[in-house]
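Trainee: Pasting a structure below so you can have a look.
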Amino acid sequence: MKRWKGTSGAAAGLAALMLFVSACSGTENKETNGGQASASASSSSSATEQTENSAAPNGPLDKYDPPIEITTVRIVNDTYKYDEGESIDNNVWTRTIQDKLGITVKNNWVVSGDAPGGQGEQKMNVSIASGDLPDFIPVNSRQLKQLVEADLLMDLTDVYEQFASPFTKEILNQDGPNALASATFGGKLMAIPNTTSSMDNAMLLWVRSDWLNKLNLPEPRTMEDAYAISEAFTTQDPDGNGKPDTIGISLNKDLYGGYAGVDGFMNGFHAYPRQWIQDGSGRLIYGSIQPEMKQALAKLQEMYKKGEIDREFGVKDSGKAAEFAAAGRAGMHFGQMWNPLWPLVDNKKNDSGAEWQAYPLVSVDDRVAQPRTDLAVGTYYAVLKKAKNPEALLKIINLFVETGWGESTTPDNYAEHFTKGGVERHKYIPFQAWPARKNLDIHLHLLEAANSGDKSKLNPEEQENERQINEYLSGKEGTELGWAYERVFGKDGSFKVINQYVSGNLILANEFYGAPTSTMVEKDATLQKMELEVFSKIIMGDSIDNFDKFVSDWKKLGGDAITAEVNEWKAAK
């Protein structure tokens with residue numbers, strides 16, 4: 001029942017960003033955990049009974065008559081914009097959900113602040129601790145685990161099988177089985193994951209190709225090529241202003257992330273910071289403490305000493321690091337597919353001659369460099385046992401995916417619910433799931449349309465991207481955004497590289513995708529802070545042997561316990 005369709009087989013592996021103190025903890029919680037199997041079984045039958053009692057319409061998009069009301073909560077941020085007179089409680093999606101499904105969504109509370117540890121997460125923690133919860137609960141993995149252990153949630157296994165549309169099921173499985181597996185406890189599906197795309201998070205090497213051409217440098221094929229480019233961009237005045245004011249490679253003070261991080265550089269050394277990988281015996285080990293990390297840090301230290309890295313990177317977040325690129329002072333960085341949309345488009349606005357090209361990760365040896373990505377799930381939608389209409393969750397997700405990419409949508413309908421007026425209207429709907437291949441398929445479908453001249457098969461989102469790209473290519477002024485879309489989705493855009501990764505089965509997954517272990521909850525923030533401080537100081541000149549002390553300290557201060565817990569999780573799954 002869909003028009004959107006993936007163009008290859010199973011894919012290898014631009015959406016978002018606690019102490020549990022309640023009456024359910026202590027002895028009562030231990031007793032609940034001891035009866036997990038029977039509790040799950042009764043939850044499953046309870047879900048079926050409630051569904052039958054509420055006479056839910058059977059079809060994935062069938063409407064309730066009479067209408068029903070469900071409760072949830074919302075965590076928003078400053079990027080939410082509304083037409084005059086509208087709000088998170090009254091908008092195009094609330095009206096469509098009422099008109100199409102007969103569901104009124106009531107928000108028990110709305111909080112702004114969706115960053116990890118922000119106001120939204122804090123408010124949800126308070127709601128969990130007090131037991132003041134809505135029927136439908138958006139949670140992170142840690143909160144989900146806590147609610148499961150407190151035996152508060154409904155088993156959604158049968159509800160999912162009966163009410164998720166075939167298209168929704170395809171989307172939820174498109175990035176592999178781990179998304180649903182991460183929401184499964186004791187064989188029971190306890191929440192629906194809001195899937196995004198791990199392939200979209202794969203690291204790439206971004207290079208100012210106009211500088212590359214000006215200095216007559218070869219494209220980067222190996223790490224040695226990248227070193228040579230970085231040195232030339234630093235020493236050979238690529239901007240032609242006669243000043244030594246350019247750097248080879250951008251970094252930010254947080255070291256990791258989608259722009260100007262070290263992740264992609266480390267991957268070229270077959271090192272995987274903050275990722276869990278398998279050793280030769282199949283045991284899970286932490287990537288940040290492996291010997292390959294030491295080699296990569298030593299090279300970054302060498303590049304820093306040569307002035308190829310901003311001397312002040314240690315006090316600059318990604319926004320400040322981006323200012324170097326926007327001002328035309330940086331020529332290379334490791335980042336993700338979306339970087340042309342930010343911050344590289346600002347460089348293009350300031351210098352119409354600036355061009356950026358994405359390349360696959362380069363390797364330090366004859367082994368291919370492979371990016372490793374985290375599980376692409378940030379939010380889970382759970383349902384309290386007392387909820388009368390648990391299937392409403394799936395119906396709303398079905399409506400979202402059908403409106404976005406299904407065969408019944410139209411360009412006008414898509415724009416009304418996703419992009420009209422340049423407003424991100426998709427944010428209004430409370431429950432979502434995103435196709436993992438969506439962005440890759442935009443690239444492939446635009447290529448196909450350009451080659452054949454037939455645009456009739458493009459879906460509404462693809463039509464909009466094609467329009468903006470063509471406006472830029474036609475020379476229309478003020479179309480830098482079209483340039484950015486072309487650098488992402490065009491023939492030689494970043495998704496050309498992503499497609500190579502996917503076709504070659506090169507994207508590696510984080511081997512641990514469970515909820516944070518008990519020691520992670522207690523110690524991980526401290527361990528990560530220590531990692532950041534030690535690595536930053538090494539890059540800026542501290543002894544490389546401090547890495548060995550870091551490894552020892554990491555193990556003693558909780559790392560060994562976390563490793564044991566992670567391997568217990570692996571053995572039990």
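Laboratory data are not the source of any read-out in this text; all were calculated from the coordinates shown. Bear in mind the structure is a predicted one, so any value in this text is a computation, not a measurement. Please note: Cβ atoms are built from the backbone with ideal geometry, for glycine as well, and neighbour counts cover all protein chains shown.
Trainee: Beyond 31 Å between alpha-carbons counts as too far, so tell me which of LYS306/LYS438; LYS81/LYS214; LYS63/LYS455; LYS123/LYS523 fall in that bin.
Mentor: From the list (LYS306/LYS438; LYS81/LYS214; LYS63/LYS455; LYS123/LYS523), the Cα-Cα distance tops 31 Å for LYS306/LYS438; LYS81/LYS214; LYS63/LYS455.
Trainee: Where both partners of a DSSP beta bridge lie in the chain, what percent of those bridges are antiparallel, to the nearest 5?
Mentor: 65
Trainee: Report the one residue of GLY331, TRP569, GLN119 whose Cα lies farthest in the direction of the positive end of the charge dipole of the chain (charges on C-beta: Lys and Arg +1, Asp and Glu -1; origin at the Cα centre).
Mentor: So the residue furthest toward the plus end is TRP569.
Trainee: Using a Cα-Cα cut-off of under 24 Å, which lysines could be cross-linked to LYS299, ignoring same-chain neighbours fewer than 8 residues away?
Mentor: Straight-line reach from LYS299, under 24 Å: LYS253, LYS316, LYS320, LYS529, LYS537, LYS549.
Trainee: For the pair LYS573 and GLU522, what calculated FRET efficiency results from E = 1/(1 + (r/R0)^6), where r is the Cβ-Cβ distance and R0 = 30 Å, to the nearest 0.05?
Mentor: In this case the efficiency is close to 0.85.
Trainee: To the nearest 0.05, how large is the calculated FRET efficiency for ASN546 and VAL110 if R₀ is 60 Å and r is the Cβ-Cβ distance?
Mentor: FRET efficiency, ASN546 to VAL110: 0.85.
Trainee: Right, here's the next one. Through the Karplus equation 6.51 cos²θ - 1.76 cosθ + 1.60, θ set to phi - 60°, convert the phi angles of the stretch 488-502 into ³J(HN,Hα) values in whole Hz; use x for Gly and Pro.
Mentor: Result, ordered by residue: 9, 9, x, 3, 10, x, 4, 6, 5, 5, 4, 5, 5, 4, 5 Hz.
Trainee: Another question, then. How about the stretch 227-322: which trypsin sites (Lys or Arg not before Pro) there lie in a loop by DSSP and see at most 10 other Cβ atoms within 10 Å?
Mentor: Those satisfying the criteria are ARG311.
Trainee: Next question. Expressed as cubic angstrom per residue, what is the convex hull volume of the alpha carbon set of the chain?
Mentor: Cα convex hull per residue, to the nearest whole number: 154 Å³.
Trainee: Quick one: compute a quarter of the convex hull surface over the Cα atoms of the stretch 438-507 and quote it in nm².
Mentor: 4.8
Trainee: Please enumerate, by chain and number, the lysines with C-alpha under 17 Å from the C-alpha of LYS349, excluding those fewer than 8 residues away in the same chain.
Mentor: Candidates past the 8-residue exclusion: LYS476.
Trainee: State the extension gain, in nm to one decimal, for the chain segment bounded by LYS529 and THR419, taking 0.36 nm per residue of separation less the distance between their alpha-carbons.
Mentor: 35.7 nm
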